[in-house]
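Since every read-out is calculated from the coordinates, none of them should be taken as a lab result. Just so we're clear, the structure is a prediction, and the values are computed from it rather than from any experiment. We place every Cβ from the backbone using ideal geometry, glycine too, and count neighbours over all the protein chains shown.
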Ligand SMILES: Nc1ncnc2c1ncn2[C@@H]1O[C@H](COP(=O)(O)OP(=O)(O)OP(=O)(O)O)[C@@H](O)[C@H]1O
Ligand SMILES: [Mg+2]
């Protein structure tokens, strides 16, 4: 059974067919890249998986469990995390606090336990702090720990958002253009971190990325969308030589 | 070492400063005039109410014009529980807060669908519904004539003047402020801010946004209800006139001038907005004494100066008084732990 299974998902916005019967699956421990020209429906697909959008038809399953009608927070509680193309950070919080929000589903403290602080509230907070500090160190964000995220450079904010998703300790991690706006040094660094998450933590990853070099190097498998439909799915080698894919990209360049 | 954002106080000087400040406040009733004691009590009450509104509007980002209504709910609950059922204040105050919390949660339901100005309109409707009930449900609320509230008592000692009442209000305010600060540095408070900053990302990271919006309304209204309860105990006679819509706007002014989402800001804002009219009254009073022909002019000037002061404070410290305080040079000289 696939870890993540998307079957025949269709999503329309008025007259726009953002997704047409897209099926796609990711095996446990796999790192799959989603590519396609602008407006192909890649983000829409992640939105359907994470529950931000409700598809008109089709199903989303994780480890065989039907997620299709779950609300986004219920999916998170079951181990699904994602990042956003245009950043979804909590600007009024520090780096550390953003990552702590990622621990929300691992905590139980209610208003009373939190507000009274002594006892369970405090013990729980300290446990979470350790978990999050480990991730901050892993992402080399230590120096920025207490900075408000809004004051950080774009590439760093992207890394913080990855950290917040990792704090959830997801079974499935969805990344929407994690390298956008980065220079090649930053991209290499992030690629190394993504590989480590995938290999060492055995986290299953589906990643949208435009940098073809990175996609070819990082992913085990590549899935190509064009005009809301899946046009190819295979190893980097197969995709490189796929005539339909070349046409889709060339077609876009001609615009 | 605990990161600053997770500490109870930003600096090591915070706790001793708070204790010294409270001690100083405790000694005030010994020599303050009854006029300033009344103001002091009202500052304490306003601080609790502003803290409540700040949790909802400052931290969670849900604009509410319903806080005068929730004050009224707390006040009428106190009048009924203490007057009719003769319950002691240790029961009445939390119970009044709880009744206001439930009311707040009900009126918070529209927030699941509405945002910004639309939510402000919905909470405004809540205000008029509550006041309508207060005016027309005469058997319980006393209608426009209002209700008398007995003095709170403790072991047979009646807290029947501001001097004694203040010694109830002060510790209550301190406890509620500490609770709010603890909330801000733990899971529920982070969920509130996450909803304010990015509600979709909040939901995707596992926060039940609907649930936490309602929790925020409940916690906020609890605070405001406690403030209403104390207001009833202080006023001893409450009627719908005690809860005009302008009171709700005063509270919004407090948190905006003081600092959105900030505990210290709630204190500073509540103090500023409560003291300003008093200072203007004292000022215009002494001027009218000297120029009796211009009494009316000074009365209308007061409103203008009130508005102008708020506008100026927003123009020069848009982040609120608390931010100004934290960034002031004097404060930086105190060694951060
Ligand atoms: N909320 C929305 N309302 C209306 N139309 C939408 C919405 N979201 C996406 N679309 C449309 O759906 C189509 C697919 O958009 P989507 O964002 O999924 O593309 P994408 O592959 O992520 O593109 P990009 O590479 O530019 O990020 C586009 O035509 C877009 O205009
Ligand atoms: Mg996209």
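Miscellaneous remarks
- Shape analysis of chain A places it in the prolate category; the axes a ≥ b ≥ c from the Cα gyration tensor give an a/c of at least 1.5, with a/b above b/c.
- Per residue, the average separation of C-alpha pairs within less than 8 Å and at least 6 apart gives chain A a relative contact order of 28 percent.
- For region A:186-219 versus region A:73-89, the gap between their alpha-carbon centres in whole angstrom: 18
- Modelled FRET efficiency - R0 56 Å, residue A:147 with residue B:293, Cβ distances, 0.05 increments: 0.40
- In percent, rounded to a whole number, the relative contact order of region B:230-269 is 25, using alpha-carbon pairs under 8 Å and six or more apart.
- Peptide A:83-90 is shielded by partner chain Cβ atoms: per residue, an average of 4 of them sit within 10 Å of its Cβ.
- Extents of chain B, largest first, come to 58, 50, 45 Å (Cα atoms, principal axes, whole angstrom).
- Over the protein assembly as shown, equivalent-ellipsoid semi-axes from the Cα gyration tensor in Å: 54, 25, 22
- For peptides A:110-119, B:211-220, B:156-165, sequence by mean Cβ density within 10 Å, most packed first: B:211-220, A:110-119, B:156-165
- Annotation for region A:111-136 versus region B:42-89: alpha-carbon center distance of 29 Å.
- Per-pair calculated FRET efficiency, R0 = 45 Å: residue B:249 and residue A:196 via Cβ, rounded to 0.05: 0.25
- For peptide A:163-169, the mean count of partner chain Cβ atoms within 10 Å of a residue's Cβ comes to 1.
- Our summary gives chain B a relative contact order of 31 percent, counting only alpha carbon pairs under 8 angstrom and 6 or more residues apart.
- FRET efficiency estimate (nearest 0.05) - Cβ-Cβ, residue B:315 to residue B:148, R0 45 angstrom: 0.55
- For peptide A:116-122, the mean count of partner chain Cβ atoms within 10 Å of a residue's Cβ comes to 3.
- Burial ordering of A:203, B:246, fewest other beta-carbon atoms within 10 Å first: B:246, A:203
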